[in-house]
Amino acid sequence: MTTPPASAPGSGPSPEPGPVPESVIAPAPAPISRAEYCVIACAEAWRGAGEVLASPMGTVPSLGARLAKLTFSPGLLLTDGEALLIGDVPAAGSPSEVTEGWLPYRRHLALVATGRRHVMMGASQIDRYGNQNISCIGDWARPARQLLGVRGAPANTLNNPTSYWVPKHSPRTFVERVDMVCGVGYDRAAAAGPSATRFHHIPQVVSDLGVFDFDTPDRTMRVRSLHPGVRLDDVRAATGFALRVPDGGVPCTRAPDAAELRLIREVVDPRGLRDREVPPCRP
């Protein structure tokens with residue numbers, strides 16, 4: 001029979017572990033910000049898009065496109081903003097290190113004309129049918145404000161999916177009637193006939209208050225979801241026309257999951273540029 005070894009003099013049972021010092025306890029993750037809800041909402045515009053060119057305009061849409069490519073839409077094509085297709089997903093504000101191809105203007109236009117592009121543009125004004133204005137404010141003959149100009153908005157809306165991003169939702173942007181039509185809405189596309197409606201599609205409008213679409217019988221704007229903390233009355237007060245509301249109430253915009261939140265904060269936007277476009281202090 002084996003005798004257990006005697007304990008060394010002065011030794012005793014091992015002490016119970018004490019509490020972990022506060023200095024080594026990992027801090028709780030910061031709450032999901034309004035800007036991060038906007039990023040995931042923009043990313044959803046490219047869900048299931050396949051191998052198409054993503055053309056985001058604005059910081060939050062650019063982050064959304066990067067997030068979509070890293071998660072549920074790996075086939076998305078991204079550019080450096082000039083003439084190169086990129087093969088990596090750099091953080092916002094950082095250069096790409098992998099060039100995948102050359103995309104001169106003529107080839108870019110070919111993608112537009114054949115519907116192999118999904119652009120998310122801004123809107124100085126947008127109306128209930130999705131007509132968008134980025135050209136001027138006031139009478140076209142003598143505008144009070146001159147803006148970007150029509151640019152490629154008509155061709156975008158008639159040839160490839162076109163979504164919109166509005167970082168500050170207000171009655172000055174969501175208007176009863178735009179001062180000039182740049183991006184074509186559902187009513188004007190229908191009036192122009194089959195040649196205009198064949199590829200016309202406005203998947204969604206994302207603002208700092210919620211997500212909107214045109215999935216209604218008369219193709220007028222509908223509230224798809226509201227960001228947490230936003231009330232329907234807030235959106236109605238900030239909109240210059242009556243919005244359609246889905247039967248059964250308006251859901252909340254989905255939150256990014258833990259993996260998506262890490263990608264937003266650590267990979268695509270470690271510098272927090274999203275908060276400059278949608279400040280966290282805003283309600």
Area accessible to solvent at Ser94, 1.4 Å probe radius, in Å²: 50
Solvent exposure, largest accessible area first (probe 1.4 Å, DNA, RNA and ligands not counted), of Thr114, Thr239: Thr114, Thr239
Pair Ala91, Glu51: separation of 7 Å Cα→Cβ label points (nm): 3.1
Principal-axis tilt of helix 59-70 within the chain, Cα atoms, nearest 10 degrees: 60
Relative contact order computed over the chain (Cα-Cα under 8 Å; 6+ residues apart), in percent: 19
Accessible surface ranking that places the most exposed of Arg177, Arg116, Arg34 first, with a 1.4 angstrom probe: Arg177, Arg116, Arg34
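Where both partners of a DSSP beta bridge lie in the range 38-185, what percent of those bridges are antiparallel, to the nearest 5? Mind showing how you got there, number by number?
On the way: 10 of 20 bridges.
The antiparallel fraction comes to roughly 50 percent.
Just to make sure I understand: if all protein chains stay in place, what is the order of His201, His169 by accessible area at 1.4 Å, largest first?
Working: His201 85, His169 15 Å².
Solvent-accessible surface, decreasing: His201, His169.
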Built amide H within the under 5 Å cut-off of Arg224, gap 5+: Val211, Phe212, Asp213
Chymotrypsin sites (Phe, Trp or Tyr not before Pro), loop per DSSP, at most 16 other Cβ atoms within 10 Å - longest free stretch of the chain: 1-71
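Based on the Cβ-Cβ distance of Arg142 and Arg271, what FRET efficiency does E = 1/(1 + (r/R0)^6) give at R0 = 45 Å, to the nearest 0.05?
Numbers: r = 42 Å, r/R0 = 0.94.
According to the calculation, E is roughly 0.60.
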The range 134-150 - phi-based ³J(HN,Hα) in whole Hz, Karplus 6.51/-1.76/1.60, Gly and Pro as x: 10, 9, 7, 10, x, 4, 4, 5, 8, x, 6, 9, 9, 10, 5, x, 5
Percent accessible area from carbon and sulfur atoms, the chain, protein chains only, probe 1.4 Å: 55
Whole-number percent relative contact order across the range 184-255, with pairs defined as alpha carbons under 8 Å at least 6 apart: 24
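Determine the per residue accessible area of the range 33-95 with all protein chains present and a 1.4 angstrom probe, expressed in square angstrom. Display every interim value, and only then the final one.
Working: 2120 Å² over 63 residues.
I get 34 Å² per residue for this part.
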C-alpha long axis of helix 34-44 to longest principal axis of the chain, angle in °: 70
For Met120, residues with placed amide H under 5 Å, excluding near neighbours: Ser55, Met57, Ser163
Computed accessible area, Asp80, all protein chains, 1.4 angstrom probe, square angstrom: 70
Listed values (i) 239; (ii) 137; (iii) 154, entry calculated as volume of the Cα convex hull per residue in Å³: (i)
Per-residue ³J(HN,Hα) for the range 152-169, Karplus 6.51 cos²θ - 1.76 cosθ + 1.60, θ = phi - 60°, Hz, x for Gly and Pro: x, 4, x, 5, 4, 5, 8, 10, 8, x, 10, 9, 9, 10, 10, x, 9, 6
Interchain or long-range residues, amide H under 5 Å from Gln125's placed H: Asn133
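Give the range of the longest stretch in the chain that excludes all GluC sites (Glu not before Pro) found in loop regions by DSSP and having at most 16 other beta-carbon atoms within 10 Å. Can you show the working numbers first?
Details: sites that count: Glu51, Glu82, Glu97, Glu176.
Between the exposed loop sites, the longest stretch runs 177-283.
The values are calculated or read from the model by the stated rules, or taken from the named source; none is laboratory data. Computed from a prediction, not measured in an experiment: that's the story for all the values here. Positions of Cβ are generated from backbone atoms using ideal geometry, with glycine treated the same way; all protein chains shown enter the neighbour counts. Each accessible area value is taken on the protein alone, full model and side chains, heavy atoms only, with ligands, DNA and RNA left out. Shrake-Rupley method; radii C 1.70, N 1.55, O 1.52, S 1.80 Å.
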